[in-house]
1. For the pair D146 and E405, what calculated FRET efficiency results from E = 1/(1 + (r/R0)^6), where r is the Cβ-Cβ distance and R0 = 56 Å, to the nearest 0.05?
2. Using the 4.7 Å Cβ rule, please list in number order the cysteines from the chain without any candidate partner.
3. With N set to the residue count of region 62-160, report its C-alpha Rg divided by 2.2 N^0.38 Å to two decimal places.
4. Hey, got a sec? Which GluC sites (Glu not before Pro) in region 253-334 land in a DSSP loop and have at most 12 other Cβ atoms within 10 Å?
5. Can you give the Kirkwood hydrodynamic radius of region 176-408 from its Cα pairs, in Å with one decimal?
6. Debye sum, Cα scatterers, the chain, no solvent: what log₁₀ I/I(0) at q = 0.06, 0.10, 0.12 1/Å?
7. Suppose the chain between A108 and E429 were pulled fully straight at 0.36 nm per residue; how much longer would it get relative to their current alpha carbon spacing?
8. Out of the GluC sites (Glu not before Pro) in region 80-172, which ones are loop residues according to DSSP with at most 13 other C-beta atoms within 10 Å?
Amino acid sequence: MSETINASTVRSKTSRMSSDKLAEIEQLLARRREGFSLEAPFYTDTQLFQFDTEAIFGQHWLFAASIAELPEPGDYVTVDYGPYSLIVLHNDDGGINVLHNVCRHRGARIMNQSSGTTGNLVCGYHSWTYSPEGELIYASIPGEMDFNKQCFALRRAHSRVVAGLIFVCLAEEPPEDFDHVSQIFEPYVAPHELTKTKVAYQQDLIEGANWKLVMENNRECYHCDGHPELLCSYFPTYGLTEDLVPPHLEEAWERSIQAEDVLRQRCQRYGLPYEEIEELDTRVVGIRIARDALDGEGESFSVDGRRLSKKLLGDLPDFRLGRCSMHLQPNSWFHFLSDHAITFAVFPIGVDRTLVRTTWLVADDAVEGVDYDLQQLTHTWEQTNTQDQELVELAQRGISSPVYEQGPYMRSEYQVEAFINWYIQRAREYMP
Ligand code: 3BY
Ligand code: FES
């Protein structure tokens, strides 16, 4: 992992929490034990959850959706991060507007579907009407009250669209690091041309666990024996270093080294970036991106590794490209393959409730039933997600017991530790 700290720090903001509670959280942060899991209140305390929504979700760049979820002007999705609700709208100029979903009259939530198509935005309470840019253009009975409508536009959030992925930031001054990090991942993702994909399927899972447990679980494969479908695609040695490979996996280790070698050369030939970049806790926008070989035919997440859609994404030259995997702090991970892509977005709901939204994207001209079978396309990750849900719910329940004590991270869990390092640093920076 890089030693360089090029992070721009996030200035602390005015918290809505009591100074006593902030002092208590500050103590918890100060006595964090490196190399060990967090103390229980980080996962079980409702005020600490409120702190997370302020210090993490209120301050940092978050993944919201891919452009394929709102392909036409007027299309929108709503996304909620704890108490925040945003309207992410495709505007007439082809850009993206991100507006707080809170009416400027008396505060009602305006858009109440998770997605749809709209012209102006009309509040269901007293019909205040906003343009797609968020300007207030109609406020019931004209002349009833003389006020300057320009002062009552919907509040906007910052947004960036990179290679078809939409990111939002609720802070007044977003961390500057994002532009640099987007330059890191753009060359990896762009060849998959997500702007020319469509949503084949979207799954919303509400998991009974704190959002950090959901993220931690994604950041290790120590538990991957619980994912038999996924293990058809990952080499059995995935996540291990050579010195940790047990004798019965030595053959699999050799096979994976050879497959990586072939993939590296293939990527070089096609001019596709391959090298791993890992700055998970050394930047305000923590990232890991890498291309990994897949087992079997090495094309996709199927039992034998063969393609799951007959249409290549973009102008990709070959099906045998393994998977490009991207992890971003604090709320997303992605798999970009030759034949499809999968985005995973984590939306905190409450201290022990989290929405995990998984979206499968295929080439926009791929035809269901002809070029891909939907059940086969989604099988591996639907199963894996359900298994992960059970695991994180077990963790939430165990941690909620008064006898829970912090346990040590194994070496293969170093990315869990990196996630927690990132979280602790951001939380400390937020303190007044
Ligand atoms: O591949 C992932 O996204 C990680 C690694 C294994 C568990 N988790 C699902
Ligand atoms: Fe939206 Fe009254 S609260 S119009």
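Any read-out appearing in this document is the output of simple, stated calculations on the displayed coordinates, not a laboratory observation. Predicted model only: the values in this text are computed from it and were never measured. Neighbour counts are summed over all protein chains in view; Cβ atoms, including those assigned to glycine, are modelled from backbone coordinates with ideal geometry.
1. That gives a FRET efficiency of 0.30.
2. Here C151, C169, C232, C267, C324 come out as lacking a disulfide-compatible partner, given the Cβ-Cβ threshold of under 4.7 Å.
3. Numbers: Rg = 13.3 Å, N = 99, 2.2 N^0.38 = 12.6 Å.
Against the empirical 2.2 N^0.38 Å value, I get 1.06 for region 62-160.
4. Filter output for region 253-334: E275, E276.
5. Numbers: mean 1/r = 0.0536 Å⁻¹.
Here the Kirkwood hydrodynamic radius works out to 18.7 Å.
6. -0.26, -0.73, -1.05
7. 112.3 nm
8. Here the sparse-neighbourhood loop sites are E144, E172.
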